4 protein chains.
Amino acid sequence: MQKLDVAILGATGAVGQRFIQLLEGHPWFQVSEVIGSSRSAGKTYGEAARWVLDDNPPARVAALTVKALDADFCSPLVFSALPKEAAKTRELELAAAGHVVCTNASANRMLPDVPLMLPEVNADHIDLINVQRQRRGWNGGALIANSNCTVMPVVMALKPLLKYGIRRLHLVSEQAVSGAGYPGVSSMDMIDNILPYVPGDEDKMQTESLKMLGRFTGEGIDELQTVVSATCTRVPVLDGHLVNISVELADQPELSSIIEDWETYQAPAPVLDLPSAPAYPLQYLYQIDRPQPRRDRQAGKGMMTSIGRLRECPVLGYKFAALSHNTVRGAAGCSILNAELMAVAGCIEGFRVAEYALAS
Amino acid sequence: MQKLDVAILGATGAVGQRFIQLLEGHPWFQVSEVIGSSRSAGKTYGEAARWVLDDNPPARVAALTVKALDADFCSPLVFSALPKEAAKTRELELAAAGHVVCTNASANRMLPDVPLMLPEVNADHIDLINVQRQRRGWNGGALIANSNCTVMPVVMALKPLLKYGIRRLHLVSEQAVSGAGYPGVSSMDMIDNILPYVPGDEDKMQTESLKMLGRFTGEGIDELQTVVSATCTRVPVLDGHLVNISVELADQPELSSIIEDWETYQAPAPVLDLPSAPAYPLQYLYQIDRPQPRRDRQAGKGMMTSIGRLRECPVLGYKFAALSHNTVRGAAGCSILNAELMAVAGCIEGFRVAEYALAS
Amino acid sequence: MQKLDVAILGATGAVGQRFIQLLEGHPWFQVSEVIGSSRSAGKTYGEAARWVLDDNPPARVAALTVKALDADFCSPLVFSALPKEAAKTRELELAAAGHVVCTNASANRMLPDVPLMLPEVNADHIDLINVQRQRRGWNGGALIANSNCTVMPVVMALKPLLKYGIRRLHLVSEQAVSGAGYPGVSSMDMIDNILPYVPGDEDKMQTESLKMLGRFTGEGIDELQTVVSATCTRVPVLDGHLVNISVELADQPELSSIIEDWETYQAPAPVLDLPSAPAYPLQYLYQIDRPQPRRDRQAGKGMMTSIGRLRECPVLGYKFAALSHNTVRGAAGCSILNAELMAVAGCIEGFRVAEYALAS
Amino acid sequence: MQKLDVAILGATGAVGQRFIQLLEGHPWFQVSEVIGSSRSAGKTYGEAARWVLDDNPPARVAALTVKALDADFCSPLVFSALPKEAAKTRELELAAAGHVVCTNASANRMLPDVPLMLPEVNADHIDLINVQRQRRGWNGGALIANSNCTVMPVVMALKPLLKYGIRRLHLVSEQAVSGAGYPGVSSMDMIDNILPYVPGDEDKMQTESLKMLGRFTGEGIDELQTVVSATCTRVPVLDGHLVNISVELADQPELSSIIEDWETYQAPAPVLDLPSAPAYPLQYLYQIDRPQPRRDRQAGKGMMTSIGRLRECPVLGYKFAALSHNTVRGAAGCSILNAELMAVAGCIEGFRVAEYALAS
């Protein structure tokens, strides 16, 4: 099988690097174009990128020449790790030009015809692509987003609880520094310290989660009707966002039933079989002091969400902690999974991996 | 004025050291006896204590010989930084023998006739000492406790809001490692990591806060009737516990009124004038990313509580963050303030600082 | 091929855990017995061990019952992660009883007839086993040690430079906390701090390095005659010891020649082909700010040593930095490599992997 | 006594903030003008500065309006915390215009007629001001520099050893992040990591130390003739640079003599009596694991240098560790001390604190 060429927008940044790292050895996709700022354009990727992940960039990618954002590029599939402002119009232009754009940027996430997708949770939102293409007159192109990295573990943990009726949700996050990119948070703010505020994230927690857990109506997304209160804090952790979740349910399930719901939850076909999908997207940890960012963020190669400490909440009924890797599951890894779903759904022209049918 | 001799129980531990540090230069009290484990007894304090605070122990205290816990000692005033098990009976024995014991240990905090005191909040609970002495037949001795270090910023911040009716309370803490003593939390658990659980603290948050905010009836304490949900986590911070507080009030005050309540709150006389009392026990910080442990824990020499981020909570109505120094305000400093209140209230026999009247 | 049963002494500690983690899926060896303290004996490993590495212990090992140190056990191959005192006599008893003991403990390292082995550096020291067996009358048993974890990157980096004549050596280490085990270093010592002293390690740097770089004479080891000065410090890093090395050489090679020596260095056969041996044990990093513990410790699955910053030293001639993973390359991983070498050399009775000849 | 007005250049940066903090309550000087970038100019200091130190800026300074670097300002005394490029010409212009400029910038430190001063070490270098004024035709103005923050503890510790003849010097530093300013070092580089390189500092260690320990000839500075090798590394510590120092001396003093030299060392009059001078600039710590950055950086209000671990060095003869607070002793505090010396020496026109005579 001939691999599909992909381009990475914002390739030199922290999330761009994670895209490159995760795509190394991918069975369907290969990084063929790297796009950076005008300062980087013309250099090799190895020269242009200050690699902040472990080890060094893959040699093949390090040798690619960085292109400018306004250059022409030919990869049918584009992953965007652009800053918000840069993403806003460029992503739409590229989709209009026929590229399938899977974006991690927040700029276009809440547009009504852009699916905000986490395949294990709302794979059926992919059908919003049809609405999008029709409404915008796009031919082959598409724009599909993944959510904010802190929203991810929340939505993942709540999906199996939807059947109990989610009434109210209270979230307090403890977020890793990689969520702010590189250089991002100054070490002078993170030694012997935490920050009680993360710019922008509380709003995203309160809006994106409802869109993701919403229902596709054929026309658009009917958001979940739930009251959400979010507090976002920053802690001296490299990777892995932990969220302390309290939830009020309409029903009163046993704690053991909820744990069973999590442990048995599986993504619907064909998501289950996608190359980047973990066999089970959720794991419940029984030790009283888990999940922990450093010890649990790598579960399922960084694609699983770990849950622990489920117990009664005197105020809202139930409470627990959920954790996932913010730059894998919560960013680049999710975008890649979205692209894989697009591929099997036949939404990437001229590239068909198999004869799957969507389980929506 | 002749200073009052004081003994420190558990003097070599982290909180014991903080007692010694804070009492250096105290206008009324001087450390005359240091009590440690049988392993330390007989050595000088300088030899026995692995000093974990900044700098070195005061030279005068370093030269004292450490006594065993079962030794006789003669200081009328005793500060206890004992571990829970050791504290349980020994503190009561010492009070029975005529010592005024101000304890930071949790063992006897919730006994119905032991005041759990934070002078700025519930100075009138000191009258429970009369009940205690009468019931137990103690003559001159007394046992008075301060609360868990994480409860402290919560109770302090809520006191001025009591008038609005506190219905439900949701707490998520991010606690410093010094709360676990020395060596306490392993560095292998705190590098690039947080722990989503602190043994014992969630229960204390849910019980001690209600006793402290309760009403002295003449016979005992009528606890506040409020539903509390607490989650306690550990973060890589040396000193300073931050608590994310959401609260439901019976009334609906403006945010600005609440801030004004905090900024104008003062302890009742005579607490206001005690040597260790800050002029204002609370400060509100208007920067969106404050309070922060490292930058704000020293406010008021570690005795103030810093509050920030007051805003609407979609779930409970109001939310904000409160921070105080856990081993000063939340431990040794509060015990010392309690002792100062005992002194001005004439509850330490043979030692009368002034002609104050309690404002209860 | 039937795998060889191995026992882990000190299995519940931090290095014991690393043995278990690294042996999971090993092609020749399988963990069949786990030995712990009397407190752990009788419990399953899953209950007894507070797992401090990422994720959880392998399920198969978690189900094993922990045996006491004085129990009989039957595995021919024993890995020892015992504390020094416990190791001293027990390791010798076990070797005398016919077990091949590969130890990470420091207790017996400097015994004249115990090889202190790092296969890429001194594989020929394995012949000291014959001297050992003959002198002690052991039949089938043997004791073989690996060095202190900070010595490892030094010896590895110096091996290719031996030909230039190493006259004087000045070492300043910056060591990770996992080197002290769990709980080991208190978080109160490691937040916003470093420790300028690591108990015991400076001596080991100054003695073990000379034995390892010494020459096997047929009777014993002729130590390298070099003056060594070592300073060991502790830094807030989880894994990965970095050593700042200045060296005076008898010859004056070009910097580029030294780099080439490192880059082309390969272990002699059969070490090269052992399952845990990296293809190249050394890598030179050209970026000016490398090696870094977090980014480079995993090179070669934690078995490579990374070197960087080679430049002239105005005082001693040459200086550079070397780093390796202290609990993989510097402890459990090296012990396993030693055992693999014993296996191919036919030194483990009844277990022969192949028809290798030693390249000594 | 009327306080002298001072201006702070680069007032909003990390070192600028430290100047403001240390000058609060200074007996001779008061901050009257704050100079920032064009982006800050026109705002109040409170608005313009993102305060990175503890607590908040002093209220009086927070209310000052920030001036641009090219504005006219009238303070006779100017402290410069400018970046290197900005400092280069502006500092000379200001001195030419009659201001006494005490700079922390590196730009002009090594000019032959600029004293690189640490009053406890080389107060007599102040006479170079006469040479400077004469050569440049300056009338009242002057430029005086303090050294790089890592050089400071080295020079301070070596001064009392000059009499033994310093032949060779080998330095390995472990430096705090505040040395790089704010935001400076990314938290992504400092969590679970160290950096083996600090841009520019190794050169400064090898040159500035020799100028500072040099002899004023009447015409200029005769640098110390010593071979220096420096390695600079960055560690996750907020404040406090520790340097591992090995030194070869011409004489062979006893270790105890050296300790006595340090413990008895006092600055010459009038330095001894300057408001910011500690009574003793050096302290020797006998505990084997000291000095430590967090526990010892505040010694003497951050103005003392702490030394520990003196022992024999097999390679160079003697080795020890020295530590000082890099933004107090190593930056703003030293500049202020320099200005105090200028004041008592009568080098600030129209401002004379007392009738001192220099002890040169």
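The values are calculated or read from the model by the stated rules, or taken from the named source; none is laboratory data. Here the structure is a predicted model, which means the values were calculated and not measured. Glycine gets a Cβ as well: all are built from the backbone with ideal geometry, and neighbour counts include every protein chain shown.
Values for this structure:
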read-out	value
Odd one out for D:Ala62 among (1) hydrophobic (A, V, I, L, M, F, W, C); (2) modelled with pLDDT of 95 or more; (3) under 23 Å from D:Val185 (Cβ atoms)	(3)
Subset of region A:235-256 that is in contact with a Pro (Cβ under 8 Å, 6 or more places away or on another chain) and not aliphatic (A, V, I, L, M) - its residue that is nearest to A:Pro196 (Cα to Cα)	A:Pro236
Residues located in region A:242-258, provided they are in a strand (DSSP E or B) and of a type in the set (Asp, Glu)	A:Glu248
Whichever residue in region C:87-107 is in a loop (DSSP other than H, G, I, E, B) and touching a helix residue (DSSP H, G or I) at 6+ places or on another chain (Cβ under 6 Å) and, among such residues, is nearest to C:Asp201 (Cα to Cα)	C:Ser106
Check on A:Leu210, touching a Leu at 6+ places or on another chain (Cβ under 6 Å) and aliphatic (A, V, I, L, M)	yes
Unmet criterion (only one of (1) in contact (Cβ under 8 Å) with a residue 60 or more places away in the chain; (2) buried (at least 23 other Cβ atoms within 10 Å of the Cβ); (3) not in a helix (DSSP H, G or I)) for C:Gly16	(3)
Among residues of region C:62-108, those that are more than 16 Å from C:Ser40 (Cβ to Cβ) and among the aliphatic types (A, V, I, L, M), counted	12
Identity of the residue in region B:300-323, touching a Leu at 6+ places or on another chain (Cβ under 9 Å) and more than 11 Å from chain A (Cβ to nearest Cβ), that ends up nearest to B:Thr150 (Cα to Cα)	B:Thr305
Exclusive hit being part of a strand (DSSP E or B) and more than 19 Å from the chain's Cα centre (by Cα), set A:Leu169, A:Leu143, A:Leu161	A:Leu169
Tally, over region D:72-86, of residues that are of a type outside the set (Gly, Ala, Ser), outside any helix (DSSP H, G or I) and out of contact with any Phe, Trp or Tyr (no Cβ under 9 Å at 6 or more places or on another chain)	6
Residues within region A:172-192 that are in contact (Cβ under 8 Å) with a residue 60 or more places away in the chain and either within 28 Å of B:His170 (Cα to Cα) or part of a helix (DSSP H, G or I) (or both), tallied	8
Of all residues making up region C:270-299, the number that are touching a residue at least 40 places away in the same chain (Cβ under 8 Å), under 20 Å from C:Leu161 (Cβ atoms) and away from chain D (no Cβ under 14 Å)	3
Odd one out for A:Pro314, checked against (1) modelled with pLDDT of 95 or more; (2) closer than 14 Å to A:Trp28 by Cα; (3) of a type outside the set (S, T, N, Q)	(2)
The listed residue being surrounded by fewer than 21 Cβ atoms within 10 Å (Cβ to Cβ), free of Cβ contacts under 8 Å to residues at least 24 places away in the same chain and out of contact with any helix residue (DSSP H, G or I) (no Cβ under 7 Å at 6 or more places or on another chain), out of C:Asp54, C:Asp72	C:Asp72
Residues (part of a strand (DSSP E or B) and over 19 Å from A:Val121 (Cβ atoms)) located in region A:209-241	A:Val227, A:Ser229, A:Thr231, A:Cys232, A:Thr233, A:Arg234
Residues satisfying the stated conditions in region C:28-71, i.e. within 22 Å of A:Arg294 (Cα to Cα), out of contact with any strand residue (DSSP E or B) (no Cβ under 7 Å at 6 or more places or on another chain) and not in a loop (DSSP other than H, G, I, E, B)	C:Gly46, C:Glu47, C:Ala59
D:Asn139 being modelled with pLDDT under 95 and either β-branched (Val, Ile, Thr) or surrounded by fewer than 24 Cβ atoms within 10 Å (Cβ to Cβ) (or both)	yes
From the options B:Leu323, B:Leu272, residue that is under 17 Å from the mean Cα position of the chain (by Cα) and assigned to a helix (DSSP H, G or I)	B:Leu272
Residue under evaluation D:Arg290, criteria (1) within 19 Å of the chain's Cα centre (by Cα); (2) part of a loop (DSSP other than H, G, I, E, B), criterion not met	(1)
Region A:212-251, residues that are free of Cβ contacts under 8 Å to residues at least 24 places away in the same chain and within 14 Å of another protein chain (Cβ to nearest Cβ)	A:Gln225
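Here's the yes/no breakdown for (1) farther than 27 Å from D:Ser178 by Cα; (2) surrounded by 22 or more Cβ atoms within 10 Å (Cβ to Cβ):
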{"site": "D:Ile259", "(1), (2)": "yes, no"}
{"site": "D:Gln266", "(1), (2)": "yes, no"}
{"site": "D:Leu274", "(1), (2)": "no, yes"}
{"site": "D:Leu282", "(1), (2)": "no, yes"}
{"site": "D:Asp289", "(1), (2)": "no, no"}
{"site": "D:Gln292", "(1), (2)": "no, yes"}
{"site": "D:Lys319", "(1), (2)": "no, yes"}
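Residue-by-condition table, conditions (1) away from every other protein chain (no Cβ under 12 Å); (2) under 22 Å from B:Pro281 (Cβ atoms); (3) surrounded by 24 or more Cβ atoms within 10 Å (Cβ to Cβ):
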{"residue": "B:Leu161", "(1), (2), (3)": "yes, yes, no"}
{"residue": "B:Arg167", "(1), (2), (3)": "no, no, no"}
{"residue": "B:Val177", "(1), (2), (3)": "no, no, yes"}
{"residue": "B:Met188", "(1), (2), (3)": "no, no, yes"}
